[in-house]
Amino acid sequence: MSAEVLLYIYDLSAGLARSLSSVILGKHIEGIWHTSVVVYGKEIFYGSHGISYCEPGGTSLRQPLQKMSMGFTNVNEDELFSYLEQLSQSSFKGGEYRLFDHNCNTFSNHMTMYLTGRGIPNQILQLPAEMESTSLGSALKPALNALAVGLNRSPDKDHAGRNKHSFEIIRKQFHPIIFDEPLSSSFVPHQLNLLWPADGNHLDLASYATILFESLTTSAELPVCEPEMFRLLDLNVMETTDQCRLVLDLFRLAIWRNPDLFGSLLTDPNRPLHRLAMAVPPSNEPAVLLELEVCKAKLLCNAIGLSNQWILDEDSELILDTKPMVHISLLLLGHDEHRLPNAPMNNGQRTPTMLQIGLSLAHNIALFPHLSSEDALEMGTYLIFLAATRDEAYRQPIEALYLIRTIYFLVTRYPVLADLARAHDFHDVLTAALEDITDPQSVPSRTGLSDEVTPHHLMITLLNDFLYSSGGKQSA
């Protein structure tokens, strides 16, 4: 009886190669491929540990990027495992593993040829030779080695090996940044109605905004916000930028003052909070749009900070999507690939406030348990670049601190980013940063952030320890 043979294809860079390869290599590469062979209900793979197998999807890489059918085999299960035993004592011993020329893909190709007479795709087999002589290959080599060694670790072993840099401990030590400053003084209670036309379609919105404003400014009680008032957060139907500014400011403060309101927004079937990051305000002026993105970012900072208190399943529809929030953060930080519509390449001038709030949003996203690997790597790659290039705008105390903290959160969660930081000689970067932020002429803080600043030298010590101590390398 024949059995189907599948090739499981993983991207060890989790999207980083796709983002960086054109810049570093001068050519586009989709991924750094790891493969395994699945047959008879077992996922079989090869690394520096030798030949191993587990339940399909049971490695530390979880689910593959692609499952490719290689055809069917007439080799029965007993014959297969007898052959694997022979290979494990000969050409595919653990000690025979070589990252670039005798690796997981070499093994997968050997096995699919044995089982079906069909080899794996050439682009997978040829990639190591292309990568070996490049700076990207050198930068990722430690991460690839670590992953190759650790692919067959059980979850229990990984759990037992937690250390002071584990994400669980980091989330207990560090708190999200919350924007809790009072409402803007540019809004006057008795003039709020004037922001909306005096007709039936707009009177409700004006009334809702006034009620929420008064409950935030004149009452010691929790702010009042009934579900029908959530319509205010639909920026796509707003007609002026002043309406958008007011609404974003109201909800920024309201969800911080009343966490139950945040819960109601999170579970509302119309998903006003989930749609907020992608909402398009009514303006075509880059400067105005950037100002509104700042207002959005402050509200989202509070939202994602508060969402850390909710225990959600990975597949829950309540989870906020990080991709549009990462876009806003990188937009405010001046990333060339995250521009406003029709904006010039330089995205316009960034003010210190924009940079600070862009970093604050990145900081909270990095602490978010449900941050996707793709979003983390895009954001982390850019932040590491900013730190490594010693951009003047990020050498001020608050900006430097939040940049380093965010990088620390990310590199402890994503080994590829840790190796990218090491490739940038981050020890020198951190030494220079410590000199900058301990300058007695530096201003220690700015208004608008309620988060207590962790001492700068402690933050730098933590990141340096993780990247360069033996414990940090093992955990990565």
- Note on the structure: The set of residues whose placed amide H lies less than 5 Å from the amide H of R118, leaving out same-chain residues fewer than 5 positions away, is M113
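List the pairs from K67/K296; K172/K298; K164/K296; K42/K172; K67/K172 whose alpha-carbon separation is above 32 Å, in the order I gave them. Show your work: numbers first, answer last.
Values: K67/K296 39 Å; K172/K298 22 Å; K164/K296 34 Å; K42/K172 38 Å; K67/K172 38 Å.
Result: K67/K296; K164/K296; K42/K172; K67/K172 exceed 32 Å.
So for V429, V326, V37, V188, fewest C-beta neighbours within 10 Å to most, what's the order?
Going from least to most buried by this count: V188, V429, V326, V37.
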- Item | Segment V280-S90, extension gain: residue separation times 0.36 nm, minus the distance between their alpha carbons | 62.3 nm
- Query: Reachable aspartates and glutamates from K323, Cα under 17 Å, same-chain residues fewer than 8 places away excluded?
  - Reply: E293, E314, D315, D336, E337, E374, D375, E378
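Let me know the shape class of the range 315-419, please: from the alpha-carbon gyration tensor, a ≥ b ≥ c as square roots of the eigenvalues, rounded when a/c is under 1.5, otherwise prolate if a/b is greater than b/c, or oblate. Each step should come with its number before you reach the end.
Working: a/c = 1.73, a/b = 1.21, b/c = 1.44.
Oblate.
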- Ascending count of other beta-carbon atoms within 10 Å, so fewest first, for C301, C54: C54, C301
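Read-outs throughout are calculated quantities, based only on the coordinates presented, and are distinct from any laboratory measurement. Since the structure is predicted, the reported quantities are computational estimates derived from the model, not experimental observations. Quick reminder, even Gly has a Cβ in these numbers, built from the backbone with ideal geometry, and neighbours come from all protein chains shown.
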